[in-house]
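These notes are about the structure you will find just below.
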Amino acid sequence: MSIPVTDSTMKAHAERQVKATSAWQRIRRDKWLYILLIPGSLYFLVFKYIPMWGVLIAFQNFEPWQGFFHSPWIGFTNFRLFFENPDFFRLLRNTLLLSLYNIVFFFPAPIVLALLLNEVRKAWFKRTVQTMVYLPHFVSMVIVAALTYVFLTTDTGFINQLLQHWFGRQVDFLTNPAWFRPIIVLQTIWKETGWGTILFLAALAGVDVELYEAAIVDGANRWQQLWHITLPAIRSTIVILLILRMGSVLDNGFEQVYLMTNALNRDVADVFDTYVYFVGITQGSFSYSTAVGLFKAVVGAFLIWTSNYVAKKFGQSGIF
Amino acid sequence: MHLRSRLSAMVRMMGMNGSPTGKKRRLLAVTSTMVPAIALMLVSNGPSVAAKDGQPFHITIMTDAFNIDHGAPDNPVIQALEKYTNTQITIEWVPNTNYEDKVNATLASGDLPQVMLILNKDGSFINAAKSGAFWDLTPYLKNYPNLSQANPTILQNISVDGRVYGIYRSRPLGRNAIIYRKDWLKNLHLPVPKTIDDFYKMLYDFTYKDPDKNGKNDTYGMVVTSYTGPWDIIQTWFGVPNGWGFDKTGKLIPAQLTPEYMNALNFFHKLYVQHLVNKDFAVMPPDQWNTPFINGQAGVIVDAADRANQIVKANPKLADKIGILGAVRGPEGLRTLGTSGYAGFYVIPRKSVPTLSDLQKVLAFLDKLNDKYAQNLLWNGIEGRQYKLVKGYVQPINTNNVTIHNEVNDLNQLLMGIPTNRYYTTEPTPTSKLVNQVMAQNAKIVVPNPAAGLYSQTYAQQGTQLDNILNDARIKYIVGQIDANGWKNAISLWRKSGGDQYIKEINEDYQWVKKHGHLKYLALK
């Protein structure tokens, strides 16, 4: 991004220089704040930034028994192998489709729920509902998968028993590839919608009540209040969350997909996350799977940057 | 006490505990794909443990653990073992769940124990072995009274390029069997199945002829899960080789390419469409395998014979209603799929055991662990402390004393059972007696995998994907998602994705091993 030099940028530049000279003074003045910063910074340094050097094994033929320093360097071979792999486009398609389903069907769900909760006037009812909808978030994915199995299996599954009873036929939810993505999205909606409302509710709590009062005086009905006051109030939150979500378009969450994969739906279920597991962990191809992981990370960073740029173009604040 | 062991459990999970000797430990809890790299970077170039001379010989062992507390490092059982083998033993217990991560980290660190358990013959072990990280034990085994009697089939299974790099922990080779409801068979006036056709008739009648005589159509033949083992066992009866077989020209080909495989596949498809197996088997978690059998819904399980012990334990009423059968006769006679015959093997790194005389000491130690006295220590503990003998059978004592009880925790992980398990056992139940009988008989009709000791670079790199192509296609064929054409397409996809290369490399390695005369231990052909 190049920014045209204008009066205002020049001015800002000058101001920054003035500030820079007094930087040391400011540090001394706020020394306690900086000391408080140390543990957090150390955490990121030790557990995030130093391990990042590990991605270098993507360019090696890493052998654990030879260690990092003795494994041979092979340049971009792993990346070439990955892009040439006939599985690549299948993985990309599955990954993107699953993300698309999630963005289209899951992403709006917490917004809708938050708006609904916001309209509830009885505080005790609102609080009870909130607590109830948060709960699934704390249920382990393994349990969710087991519940899904118990409900949907054709042998003993509760829902299939009902279908058999009512319509005389069963649906092979778990083995038919066509059902894979809907079930994944439904699981996510069930598990995370309530939890996702937290940020939106927090944003909604900050809306000035006077705005609503003024709107009512002007004769706005409930829908008009929602459209003209509530939604604009949480628009920036929505945009920021959407930008962050774009960054993880290539992440589908390993656990969930892995648990729901079986021999009959693998064609649609294989995504980058599970691929990295199968290749990297079960086959010990650490370098190759690191290359795949690095590819994912680069695409994710690019998408975040792009969507941030687009959001700013449309007059939103963005995340950086 | 309780809190302490909990804490040490947590620390162990995090992989940063002090070992019993308080030796400096390394970071090992690795989950993501990038973290291991850095973990390995950090631990590289550690000091190597030099083997010490003098008496008694000091030996360090790294092995897997299922328990957290192993008693004091110098507890009486270990002391007895040290006295018997004239060594000083340090055992590094690693939780079984992340054992393989730990192996990789240890290999990278260079700080190696003298004896290290390898759980699976995976790519990273094979590469390390081929590059000379471990002693090639092939020429030395014959010098030791117990180790010289090791089973050739199992040695082949653990070998790399025809060389043996470890001492295996033996498991029964003829473990696979048919567990069935004897009483249902009697109700239906059927004889014990002898052939595949009899087996099919049993499944059919178990499904449609009301074997439990309750007047309801509530039973089916065989319960199968997403675990594909039973299909592998049954197809062996049809004459399908174990993993790899020889074609007419003497070339090794994978089981899936043999004509017998197709016969077996059609048989499985027939079982499925006739509802003789559970409909949703492809998604059924293997941990629920026993449930339909225990509940009296399913009449047959094809798996390890000792599963019968679990079933009877869960439902003692079934004790006299269970029959176990080794195999049924197919076109090539009586055959049973051999298991790998081992649960991991102990290797000896060259770095920590630099000289031949040290190697001999380590091997002598491992050999001695197979003596009856040592086996009893490892399995039962000390007589009069952990157990007493009644009519030649073990009766555990002091079971409420946690300290005494913990002293033998996981020591059985050091048990190799070569040539056999010689320790005293608790008095066998009728079921476990039957299980042992069937396994002993099965050992004579085991079909080994001729390619078990051969290496393919392609398979090491892409094995999971290659296996998935064929395994998935097999399940799809069984449930009717694809037909014979679809199966052919899967085969050609497999060939293109590296299968052809895999076949080529296995055959090249076979020729190489044959040429270099490394077949001495191998049960090839």
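Within segment A:146-155, can one find any residue that is surrounded by fewer than 18 Cβ atoms within 10 Å (Cβ to Cβ), of a type in the set (Phe, Trp, Tyr), without any contact (Cβ under 8 Å) to a residue 60 or more places away in the chain and assigned to a helix (DSSP H, G or I)?
Going through segment A:146-155, the residues surrounded by fewer than 18 Cβ atoms within 10 Å (Cβ to Cβ) turn out to be A:146-147, A:150-151, A:155.
With of a type in the set (Phe, Trp, Tyr) added as a condition, the list becomes A:151.
From what's left, without any contact (Cβ under 8 Å) to a residue 60 or more places away in the chain: A:151.
Restricting the remaining residues to those that are assigned to a helix (DSSP H, G or I) gives A:151.
Yes: one or more hits.
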(request) Please work out which residue is modelled with the highest pLDDT, limiting yourself to segment A:238-268 and to residues that are surrounded by fewer than 17 Cβ atoms within 10 Å (Cβ to Cβ) and more than 14 Å from chain B (Cβ to nearest Cβ). (result) A:Leu242
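Table: residues versus (1) outside any helix (DSSP H, G or I); (2) within 7 Å of another protein chain (Cβ to nearest Cβ); (3) touching a Gly at 6+ places or on another chain (Cβ under 7 Å); (4) within 15 Å of A:Ile240 (Cα to Cα).
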position: A:Gly284; (1), (2), (3), (4): yes, yes, yes, no
position: A:Ser289; (1), (2), (3), (4): no, yes, yes, no
position: A:Phe295; (1), (2), (3), (4): no, no, no, no
position: A:Val298; (1), (2), (3), (4): no, no, no, no
position: A:Leu303; (1), (2), (3), (4): no, no, yes, yes
position: A:Val310; (1), (2), (3), (4): no, no, no, yes
position: A:Gly318; (1), (2), (3), (4): yes, no, no, yes
(message) Of all residues being in contact with a strand residue (DSSP E or B) (Cβ under 8 Å, 6 or more places away or on another chain) and among the aliphatic types (A, V, I, L, M) in segment B:260-292, which is nearest to the other protein chains (Cβ to nearest Cβ)? Just the residue, please.
(response) B:Val277
(request) Name, by its number, the condition in (1) modelled with pLDDT under 90; (2) more than 12 Å from chain B (Cβ to nearest Cβ) that does not hold for A:Val279. (result) (2)
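Which of the following residues is at pLDDT 90 or above and within 11 Å of chain A (Cβ to nearest Cβ): B:Leu112, B:Leu117? Before you say what the answer is, go through the steps one by one.
Values: B:Leu117 fails: within 11 Å of chain A (Cβ to nearest Cβ).
Answer to the check: B:Leu112.
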(request) Return only the number of the condition from (1) within 27 Å of the chain's Cα centre (by Cα); (2) surrounded by fewer than 18 Cβ atoms within 10 Å (Cβ to Cβ); (3) of a type outside the set (A, V, I, L, M) that B:Gly392 does not satisfy. (result) (1)
(request) Name the single residue, out of those in segment B:235-253 being closer than 17 Å to B:Ala452 by Cα and among the polar types (S, T, N, Q), that is farthest from the chain's Cα centre (by Cα). (result) B:Thr236
(message) Can you go through B:Val362, B:Val353, B:Val347 and tell me which one is in contact with a strand residue (DSSP E or B) (Cβ under 6 Å, 6 or more places away or on another chain) and either modelled with pLDDT of 95 or more or among the β-branched types (Val, Ile, Thr) (or both)?
(response) B:Val347
(request) State all residues of segment A:156-178 that are in a helix (DSSP H, G or I), surrounded by fewer than 18 Cβ atoms within 10 Å (Cβ to Cβ) and either aliphatic (A, V, I, L, M) or within 14 Å of chain B (Cβ to nearest Cβ) (or both); if no residue qualifies, say none. (result) A:Phe158, A:Ile159, A:Gln161, A:Leu162, A:Leu163, A:Gln164, A:Pro177, A:Ala178
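Going through segment B:397-446 one residue at a time, which ones are acidic (Asp, Glu) and either free of Cβ contacts under 8 Å to residues at least 60 places away in the same chain or loosely packed, with under 15 Cβ neighbours inside 10 Å (or both)? Steps first, please.
Within segment B:397-446, the first condition is being acidic (Asp, Glu), and the residues that meet it are B:407, B:410, B:427.
Correct list: B:Glu427 only.
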(request) Count, please, the residues in segment B:403-437 that happen to be under 24 Å from B:Ile78 (Cβ atoms), in a helix (DSSP H, G or I) and polar (S, T, N, Q). (result) 4
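The values are calculated or read from the model by the stated rules, or taken from the named source; none is laboratory data. Everything numeric in this text was worked out from a predicted model, so none of it was measured. Neighbour counts are summed over all protein chains in view; Cβ atoms, including those assigned to glycine, are modelled from backbone coordinates with ideal geometry.
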